[in-house]
Structures are given as structure tokens and as C-alpha cells.
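Structure first, commentary second.
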Amino acid sequence: MKKFFVVVVVLLFSATTTFADEKEQVHKICSHFSEEGGKIMEARQQGIPMAPVIDVIRDEYGWDQDTLNVFERMVQEAYSVSISEDPSEVQRIISEYQSGVYERCRMSLENELNLYEED
């Protein structure tokens, strides 16, 4: 019985470590997408046309069609937002967009990996 208990504790610890590692990977991936989303929205707010932004993304991520598709959707979403002339409003728009990208990414990956908040 004692051996069974030790095995169960080891398995639970391994599962927790894996869970924590997966959560950390989700955070890293989504932070990257969020940062790139901020750059996309910043380009939008600076009035840079969509085509050059998509060209840069294709040069950077063209080797991975799934990632490219995500970034192209982000560009389309960002370019649906009006340009603001107010610098503080621009910063708010960029920040909110980054937060939204991060949260959507996190929820999507956690659902895909069946990860849920422990709270």
C-alpha cells in the first residue's frame, strides 16, 4: 500500500509539473502573439497601409501556414479599427488590442490542451 501511495504522489507531481510547464508555454506563445499584435496595431495607428504589413508578416512567418493565417487575421482585425489622432488614445487602443490578443490566444490554447485555471 505504501508503494502505491508513493507512485500516486509521483504521478501527481509529474502531472502538476507538466501542467505548469504547459501553462508557461501558453504564456510564452501568447505573449509573442500579443507583442506582434501590438506592432500590427501600432502600424495601423501610424497609418501604414495594410499591404506592406502583410508583406512583412509573410516574409517572417511564410514558412508556417497556420501561424501566417493567424497573423493575417490579426492584421485584418487591427485594420478594422479607426485611426486615432490622440496619442493617449492610440496607446490605449494598442494596449487593449494586445490584451485582447493575449486573452484570446490563452483561452484557445488552454482549451486545446485542456488546461484550466486552478482558482
| task | Place the peptides 50-58, 26-34 in order of packing, highest mean first, counting for every residue the other Cβ atoms within 10 Å and averaging per peptide. | result | 26-34, 50-58
| request: Give me the number: length gained by fully extending GLN25 to ARG58, i.e. 0.36 nm times residue separation minus the C-alpha to C-alpha distance, one decimal in nm. | output: 9.5 nm
| said: Could you sort the peptides 79-87, 92-100 by per-residue average Cβ neighbour count (10 Å cutoff), highest mean leading? | reply: 92-100, 79-87
| query | Just the Cα atoms of segment 22-113, one point each, no solvent: what log10 I(q)/I(0) does Debye give at q = 0.13, 0.21, 0.25 Å⁻¹? | reply | -0.43, -1.02, -1.28
| message | Sorting check: for 63-70, 36-43, which peptide has the highest mean count of neighbouring beta carbons within 10 Å, and how do the rest follow? | response | 36-43, 63-70
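Since every read-out is calculated from the coordinates, none of them should be taken as a lab result. Small disclaimer: the values here were computed from a predicted structure and weren't measured. Note that each Cβ is placed from the backbone with ideal geometry, even for glycine, and that neighbours are counted across all protein chains shown.
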